[in-house]
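Working notes for the structure below.
Quick note: the coordinates plus some simple rules give every number you see, no bench work behind them. Just so we're clear, the structure is a prediction, and the values are computed from it rather than from any experiment. Every residue, glycine as well, gets a Cβ built from its backbone with ideal geometry; the counts of neighbours run over all protein chains shown.
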Amino acid sequence: MTTASPSNPRRDGDDPAAREKLVALRSALLRLHKSLIEMERRKYEKEFGAVNVGEYFRLVVDHPQFAWLHNISEFVVRIDESLTADAPVMPADADTAVTLAQKMFTPTTQGDSFQQKYFDAIQSDPNVVMEHGELARLFVSDDLAGASGKQK
């Protein structure tokens, strides 16, 4: 039996394509989250000065400037729970996660506060743009796979 690790692309009993989709989504979200946290750190340090690792950790957890990023952390935790649960990962699990991520990561000035902050981040940080592009590619490839599967 294979280990139920969130980064393991294979595990006995899971639908392999669904598990791979969740692992890919998780990886893309983690990279995006890192870029967003680094962007917020630069903004914070520009205003308040450099922070050490311990202070940085406290800021990410407790400071209001970083609070909007907790949604991403929670999303990744939910994916991790799906990838390590006793129940096998099925296509519906992956499809639901991708659909929710597509809604959440639609940058718009008219959306909820997360989408608005995300929109601003994309406008101001090239690293965020790159990671958003990778996430969007995952959505497009999923849309194309879904469309071709429906045509059969």
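Membrane-span-like helices in the chain, defined here as complete DSSP H runs extending at least 18 Å along the helix axis by their C-alpha atoms with mean Kyte-Doolittle hydropathy no lower than -1.0, are 16-48, 70-84, 91-104, 126-151; this is a sequence and geometry rule, not a statement about a membrane. With the highest mean first, a sort of the peptides 84-95, 15-26 on other beta-carbon atoms found within 10 angstrom per residue produces 15-26, 84-95. In terms of other Cβ atoms within 10 Å, THR106, THR99 run from fewest to most in the order THR99, THR106. Put in order of Cβ neighbour count within 10 Å, fewest first, the listed residues ASP62, ASP112 become ASP62, ASP112.
Result for the chain in a Gaussian network model with C-alpha springs under 10 Å: among LEU29, LEU83, LEU59, the largest mean-square fluctuation is at LEU59.
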